[in-house]
1. Return the percentage of antiparallel bridges among DSSP beta bridges fully within the chain, rounded to the nearest 5 %.
2. One-quarter of the Cα convex hull surface for region 8-63, in nm²?
3. Roughly what would the spin-label model give for residue 10 and residue 115, points 7 Å off Cα along C-beta, in nm?
4. Can you give the convex hull volume of the alpha carbon atoms of region 51-108 per residue, in Å³?
5. Would you give the gap between the C-alpha center of region 107-131 and the C-alpha center of region 55-100, rounded to a whole Å?
6. Only counting other Cβ atoms within 10 Å, I'd like 11, 38 sorted with the fewest neighbours first.
7. Report the FRET efficiency, 1/(1 + (r/R0)^6), for residue 129 and residue 77, where r is their Cβ-Cβ distance and R0 is 25 Å, rounded to 0.05.
8. How would you rank 10, 90, going from fewest to most other Cβ atoms within 10 Å of each one's own Cβ?
């Protein structure tokens, strides 16, 4: 699958709170060209992004797509319903507790990486890429061309 080239100024670091998502989204909405999609690191940030969209008059997904991460229960209750990546919360907790208990009981093995399965929960906050949007390949990735 091709990777998209993303200009560094479009990557905004924020705390995992609604207010941070709101303020960082306002910054993104002032950029030229304006992003066509936002991936939020968690659903709370995405909730703040939706608040900023409404305040500025940006339609989701018609003007900008939005995806969160966590798939919190309120995601499906929003308007539009938030597309989000679900993660296995119970399995995450039990795996972390098991590793911690192993350490407490004397396990001195090197740190290990555990990858848990995630799944995209598509809802109504994402618009497919339009066929009429011109794209160009940039080092094996695609980016939308913008008229200047």
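1. 50 percent
2. Mean shadow area of the hull around the Cα atoms is 3.4 nm².
3. Distance between label points: 2.5 nm.
4. Measuring per residue, one finds 109 Å³ for the Cα hull of region 51-108.
5. Their Cα centres are 11 Å away from one another.
6. 11, 38
7. The pair residue 129/residue 77 has a calculated efficiency of 0.40.
8. In increasing order of surrounding Cβ atoms, one gets 90, 10.
Each value in this text was obtained by applying a stated rule to the coordinates, not by laboratory testing. All of these numbers come straight from a predicted model, not from anything done at the bench. Neighbour counts run over all protein chains shown; Cβ positions are idealised from the backbone, glycine included.
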